[in-house]
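Each remark here refers to the structure printed beneath this line.
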Amino acid sequence: MPEEVITHSADETIQWGREFATRLQPPVLVLLTGDLGTGKTTLTKGLVSGLGAANENDVTSPTFTLIHVYGKAQAKVYHGDLYRIENFHDFETLGLEDMFAAHAVVILEWSEKFPLPSPWPVVRIRLEHLGADARRILVLDRS
Ligand code: ADP
Ligand code: MG
């Protein structure tokens, strides 16, 4: 039975992310799926601030920059977005191997575009639009 929550504002999603972050032990790969505007980046604000890597206001979408890194040596959080990655060559330029060399939390939006073999435990979270400001957040599996 997947874990499920419904939030009614961006702030509620950020707050849920902050609490969920306390259950993330690096190294871990967090895969976020869901349509544009469902709240993947918003949820990441909560995850990153809950992990103590940055203030939520400093977490912005890496849609164009592809990867953002937050935090210091021992507690790095990588936040990537594969939305604009068009082919395997682009994907390879992201330097995911470097991330996996670090003892980190890696959060990826649109990861379903390039299924990647992960050497780490994976947490999959799916976000769904329920209309207006309501969103369903589903924790699909933790392996
Ligand atoms: P994505 O990264 O999935 O494209 P964003 O997090 O960038 O989505 O955008 C989600 C948008 O929806 C933001 O403008 C946010 O303020 C708004 N929003 C409204 N209600 C919610 C909610 N319950 N959870 C998350 N975001 C919400
Ligand atoms: Mg986004």
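Descriptive notes on the structure:
- Using equal-weight Cα scatterers in the Debye expression, the normalised intensity of the chain in log10 at q = 0.12 Å⁻¹ is -0.43.
- On a per residue basis, the convex hull of the C-alpha atoms belonging to the stretch 10-52 measures out at 59 Å³.
- Karplus-based coupling profile of the stretch 95-111, in residue order and whole Hz: x, 4, 4, 5, 4, 6, 7, 8, 8, 9, 9, 10, 10, 10, 8, 6, 5, with θ = phi - 60° in 6.51 cos²θ - 1.76 cosθ + 1.60 and x standing for Gly or Pro.
- Considering only beta bridges that DSSP places wholly inside the chain, some 50 percent are antiparallel.
- Rounded FRET efficiency, nearest 0.05, which uses the C-beta distance separating Q15 from F114 and R0 of 25 Å: 0.25
- Ordered by the count of other Cβ atoms within 10 Å of each Cβ, fewest first, I107, I125, I85, I6 give I6, I85, I125, I107.
- Projected label distance in nm at A101 and F64, using a 7 Å step from Cα toward the beta-carbon: 2.9
- Listing E86, E56, E112 from fewest to most neighbouring C-beta atoms within 10 Å gives E86, E112, E56.
- Shape call, the stretch 31-113: gyration tensor on alpha carbons, a/c limit 1.5: oblate
- Förster radius 25 Å - calculated FRET efficiency between N55 and V139 (Cβ-Cβ, nearest 0.05): 0.55
- Max mean-square fluctuation residue, GNM over the chain, Cα-Cα springs under 10 Å, options T13, T65, T42: T65
- Computed over the alpha carbons of the stretch 89-143, Rg followed by Dmax gives 13.9, 40 Å.
- For the stretch 1-104, a crude dipole built from +1 on the beta carbon of Lys and Arg and -1 on the beta carbon of Asp and Glu, taken about the Cα centre, is about 320 debye to the nearest 20.
- Trypsin sites (Lys or Arg not before Pro) within the stretch 1-95, DSSP loop, no more than 14 other Cβ atoms inside 10 Å: R23, K72, R84
- Per-selection Rg to Rh, the stretch 1-79 - Cα, Kirkwood hydrodynamic radius: 0.94
Read the figures in this text as sums done on the coordinates, not as results from a lab. Because the structure is a prediction, the values reported are computed rather than measured. Don't worry about glycine lacking a Cβ; one is built from the backbone with ideal geometry, like all the others, and counts go over all protein chains shown.
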